[in-house]
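The structure under discussion appears below in the form of structure tokens.
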Amino acid sequence: MTLGEQGLSFESEIANHSPYVVETVSYPILGDLAVPAGEKSLTRENLNYGGMRRAALYPTFVNERGYYGVDYPIQMVPTPHSPFVLVATDQQGLYAGAHDTTNRELIEWTFELKPGYEDSLNEKVPGSKTISGHAVSVVFSITHFPFAAAGESAPLRGWSCGPTKGAGIRVLMPTSNGEVPGSSGPRRPPGCSKYTPGSSSISILLKMICVCATRTCRRLAATAPSTG
């Protein structure tokens, strides 16, 4: 995990020590996409045919996979159909994009509402922090499909994320060398000229990502079987 010109970037690899095929890996998992102070809604936006597709995350959560076959209300956006996704409010948000143009594996941008609806008929997110004793959260995870065979190691496709700010967010996709056509160098996430620690909800969100990813790495390292 590195912090650079393209934002917070993730590069990882799995080693399958089991006798089974590892079909999917979710990494990293952001445990709660909270609505920033002063904002009233949260929306997922992704590339679609002829424009952008929008789906509500809060105060309603659109379930795109039906009530069968899933544990929680869920939204999944596949690459390369949409190489990036935005989690947006009216004035700010989070950008996540797969800048690896090799498309060596499928990534699904995955959102889940846990533990579920307060009102399933109207797809309403619970208004309290807990419901029936369970913490309420909108979980964002990056689901990889490496299909690593027994005893095989497989790199997971790299991706980057960063903050966005301002109404009418403009997204510029970089070329294979990380540059935006017509620019003087590698791109930064939209609306972000530099990464300076502060008290804004955007910098808090980036800190949260770093903490979550670091804890996940440590937990995987502690539980990984010895290779001898």
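Where a number appears in this text, it was derived from the coordinates with a stated rule and is not lab data. Fair warning: this is a prediction, and the values are worked out from it, not measured in the lab. Don't worry about glycine lacking a Cβ; one is built from the backbone with ideal geometry, like all the others, and counts go over all protein chains shown.
Side notes on the structure shown:
- Qualifying residue in segment 142-154 (condition: assigned to a strand (DSSP E or B), under 11 Å from the mean Cα position of the chain (by Cα) and within 24 Å of Tyr58 (Cβ to Cβ)): yes
Matching residues to (1) over 26 Å from Gly4 (Cα atoms); (2) under 12 Å from the mean Cα position of the chain (by Cα); (3) not basic (Lys, Arg):
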site: Thr79; (1), (2), (3): no, no, yes
site: Ala88; (1), (2), (3): no, no, yes
site: Glu105; (1), (2), (3): no, no, yes
site: Tyr117; (1), (2), (3): yes, no, yes
site: Asn122; (1), (2), (3): yes, no, yes
site: Gly127; (1), (2), (3): yes, no, yes
site: Ile131; (1), (2), (3): yes, no, yes
site: His134; (1), (2), (3): yes, no, yes
site: Val139; (1), (2), (3): no, yes, yes
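- For segment 120-170, a tally of residues being under 19 Å from Ala15 (Cβ atoms) and among the charged types (D, E, K, R) returns 2.
- Residues of segment 27-71 satisfying the condition of being among the hydroxyl-bearing types (Ser, Thr, Tyr) and surrounded by 15 or more Cβ atoms within 10 Å (Cβ to Cβ): Tyr27, Thr43, Tyr58, Thr60
Yes/no matrix, rows are residues, columns are (1) of a type in the set (D, E, K, R); (2) surrounded by 14 or more Cβ atoms within 10 Å (Cβ to Cβ):
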{"residue": "Pro73", "(1), (2)": "no, yes"}
{"residue": "Tyr95", "(1), (2)": "no, yes"}
{"residue": "Ala98", "(1), (2)": "no, yes"}
{"residue": "Thr102", "(1), (2)": "no, no"}
{"residue": "Glu105", "(1), (2)": "yes, yes"}
{"residue": "Phe111", "(1), (2)": "no, yes"}
{"residue": "Tyr117", "(1), (2)": "no, yes"}
{"residue": "Lys129", "(1), (2)": "yes, no"}
{"residue": "Ala148", "(1), (2)": "no, yes"}
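- The residues of segment 131-144 that are buried (at least 17 other Cβ atoms within 10 Å of the Cβ) and either farther than 24 Å from Cys161 by Cα or hydrophobic (A, V, I, L, M, F, W, C) (or both), listed by number, are Val136, Val138, Val139, Phe140, Ile142.
- Taking segment 1-119 as the region of interest, the strands (runs of 3 or more DSSP E) fully inside it that hold 2 or more residues being under 27 Å from Gly151 (Cα atoms) and β-branched (Val, Ile, Thr) are 25-30.
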